[in-house]
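Data block below; observations after.
FYI, it's all coordinate maths here, none of it is from the lab. This one's a predicted model, so the numbers in the text were calculated from it and none came from an experiment. Here Cβ is always computed from backbone atoms with ideal geometry, including for glycine, and neighbour counts include all displayed protein chains.
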Amino acid sequence: MASMMDFGVKEKSQWCAGCGDFAIVGALKSALLELGIEPKDTVISSGIGCSGKTPHYLNVYGYEGLHGRSLPVASGIKLANHKLNVLAMGGYGDGYGIGAGHFVHIMRRNYDMAYIVHDNQIYGLTTGQASPTTQLGMKTKTSPEGVVETPFNPLASAIIGGATFVGRAFAGDIIHMKQMMKEAIAHRGFALLDILQPCVTFNKLNTYEYFTKRCYKLQEAGHDSSDKFKALEKAMEQTATNYEKIAVGVLD
Ligand code: SF4
């Protein structure tokens, strides 16, 4: 039986102090431990971005590949060895931008894996450009007058696309995030877990405080995750112009 120490690595992190990525890695180690999954039985495939470094910071098998290709690599690993616990991890640029074609089609195929997306609403690694999920009106290096494009809605896309588990968590609520990871990993089929992950260096709008004020837990609000239409309603609650209520938990 593995211990928390067995998931640790000696490598020094390159992430900025306070980045939500630290909480994601910590919660993931704990989730794997509680699920009784050994480090040798887990593989993480990632792409490019700050979050692409995730496999470096856990003592599991890892592959940091090309930008936007974490899902095809993860699919290949799962097809080659069904017994492995396969996770794809990365940013929304990787998954919802350049890798969007893979994102749409992997849901139809329903491979048994979890896709954990670090969603921080800005391109952090390249120092602060607007991304597919950047909030409407937000000023960035590439949108000095404010973003004019409607943000991509990953949860609604996943529900419509046929993902068999769709969830969201907030990196500032580690206990809940760990529980969501456990459910996504234990799910038999394709699971999307979108994690709201503050980028403390380049996103001064979507901060820990911002999400703490707005996030509410679906299961405490009586949401029925077996009802696809209700799930879509919840996914659409946070629209391009309304950011006041952000649902976290299992949508579908
Ligand atoms: Fe985290 Fe942002 Fe720093 Fe990247 S740039 S490590 S996302 S705080």
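Remind me, relative contact order of region 1-114 in percent, using alpha carbon pairs under 8 angstrom and six or more residues apart? Reported as a whole number, the value is 25 percent.
For the pairs K182/K228; K78/K230; K10/K40, note any where the Cα-Cα span goes beyond 25 Å. Mind showing how you got there, number by number?
Details: K182/K228 22 Å; K78/K230 31 Å; K10/K40 17 Å.
Long pairs (Cα-Cα over 25 Å): K78/K230.
Note on the chain: with charges restricted to the Cβ of Lys and Arg (+1) and Asp and Glu (-1), its dipole about the Cα centre is near 280 debye.
The alpha carbons of the chain stretch over 50, 42, 32 Å along the principal axes, in descending order.
Would region 19-76 count as rounded, prolate or oblate if I go by the C-alpha gyration tensor, calling it rounded below 1.5 in a/c and otherwise prolate when a/b exceeds b/c, oblate otherwise? The shape class here is oblate. Across the options L66, N85, Q135, the greatest Cα extent toward the positive end of the charge dipole of the chain (unit charges at beta carbon of Lys, Arg, Asp, Glu) belongs to L66. With a cut-off of 15 Å between beta carbons, the residues surrounding K12 carry a summed charge of 0, where Lys and Arg count +1 and Asp and Glu -1. Adding -39500 (n - 2.57) for every DSSP H run of four residues or longer, then dividing by how many residues the chain holds, sets the calculated 222 nm ellipticity at -8500 deg cm²/dmol.
For each of H187, H118, count neighbouring Cβ atoms within 10 Å of the residue's Cβ, then give the residues from fewest to most. Don't skip to the answer; put the middle values down first.
Values: H187 19, H118 27.
Ascending Cβ contact count within 10 Å gives the list H187, H118.
Once C-alpha pairs closer than 8 Å and six or more residues apart are averaged by separation and normalised to the residue number of region 113-232, the relative contact order reads 29 percent. Among A235, I185, S157, flag the residue with its Cα farthest along the positive direction of the charge dipole of region 107-252, charges on Cβ as +1 for Lys/Arg and -1 for Asp/Glu. Of the listed residues, the answer is I185.
For each of V117, V250, count neighbouring Cβ atoms within 10 Å of the residue's Cβ, then give the residues from fewest to most. Each step should come with its number before you reach the end.
Working: V117 27, V250 24.
Listed from fewest to most nearby Cβ atoms, that is V250, V117.
Given region 9-151 reduced to its alpha-carbon atoms as identical point scatterers, what log10 I(q)/I(0) does the Debye formula return at q = 0.19 Å⁻¹? Each listed q corresponds, in turn, to -1.12.
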